[in-house]
1. So between SER189 and THR118, what do we pick up on full extension, going 0.36 nm a residue minus the alpha carbon distance?
2. Search the structure for amide H atoms under 5 Å from the amide H of THR122, placed 1.01 Å from N in the peptide plane, and list their residues when 5 or more places away or on another chain.
3. Suppose every Lys and Arg Cβ carries +1 and every Asp and Glu Cβ carries -1, with no other charges. What dipole size does segment 70-200 come out with about its Cα centre, to the nearest 20 debye?
4. Given H placed 1.01 Å from N in the peptide plane, which residues other than close sequence neighbours of TRP147 have an amide H under 5 Å from its amide H?
5. Using a 1.4 Å probe on the protein chains only, how many percent of the accessible area of segment 157-251 belongs to carbon and sulfur?
6. Can you work out the FRET efficiency for the pair ALA49 and LEU230, with r the C-beta to C-beta distance and R0 = 35 Å, to the nearest 0.05?
Amino acid sequence: MPRDRPRWWTELLVIVVVYGAYTGARVLARGDVHTAIDNGRAILNVERALWLNAEHPLNELFTQEAWLGVPSAFAYASLHYVVTPIILIWLYHRRPLHYRLMRTWLLTSTLLGLVGFTLVPTSPPRLLDPGYGFVDSLAQYSNWGWWADDASAPSGMGDFTNQYAAMPSLHVGWSLWCGVALWHYGSGSRLVRTLAVAYPLTTAIVVMGTANHYFLDALAGTLVMTLGLLLARPLLGLSYRFQSRFGLARPAPGTEHDSLQVARGGRRTPAQRNGEAGQGGQGGGSWSRGAPGDNGPAQRKELAPPQ
């Protein structure tokens, strides 16, 4: 039986290289500060015109109530670095049929976010003129954590981060990815489903309450993830064709993405004929219903990726 998941070391290398390139490019993509501030003001003006300005009341609440502000500061500074890798590793080990699609979705969306940082440098609310009424809650509660006044960067490392990359919010985007993974591939229990919904919603509230993102940043993060999902399948197909051309693809892929149903009346591979034999010699009738080993609607639902 072919491997259902790629080799762990190749995956680790790909993720490290892509994330390293993303982080470096994000720092190098620092735009003009005046342009970033103008973009931040423009976003705020649009939100006010549309009655979407949720940042002010949330920021006021977080800065006046330490029991909310301190946990939110820790959440903003750490959860996206912890939860996202944990979900990715869990998918690799427990949902290998879907891992490639989810990994490609995450990486593609992250690179799309980098395009947004480059084209639309945006000042977060906390870096606007004090007259706008925002307070940097992470700086306010810096005695509780490892950060200072440089967003979530450790104290003294502000030069290694781009503070004018508020649009889109990948905090929200990554949390949405985690929520989809938990909802579709988790146990299906009420607790897991609740966490799947609560995590992205809480993240959206936290990024606004800490004055690190606008409401429209959160919407843009959702849009980036949607575009990433739409591109994930074509990119996987392109990757497989590239590997096939150079003889790098496995002859019998074992992933959900690569397992394509056989057209009625088409030629069947030896692996497929063996699968038919293992089903009591039912022949082509089994293949007209689905892939080898398909035991009915329940399994087809399990193999279906998120739409």
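1. Details: separation 71, 0.36 × 71 = 25.56 nm, distance 4.05 nm.
Between SER189 and THR118, full extension yields 21.5 nm more.
2. ALA165, ALA166, MET167
3. 900
4. SER155
5. Details: 3320 of 4690 Å².
Exposed carbon and sulfur together represent 71 percent of the surface.
6. Numbers: r = 30 Å, r/R0 = 0.85.
The formula returns an efficiency of 0.75 here.
The values are calculated or read from the model by the stated rules, or taken from the named source; none is laboratory data. Here the structure is a predicted model, which means the values were calculated and not measured. Neighbour counts run over all protein chains shown; Cβ positions are idealised from the backbone, glycine included. Keep in mind that these areas ignore ligands, DNA and RNA; they rest on the heavy atoms of the full protein, side chains included. Shrake-Rupley method; radii C 1.70, N 1.55, O 1.52, S 1.80 Å.
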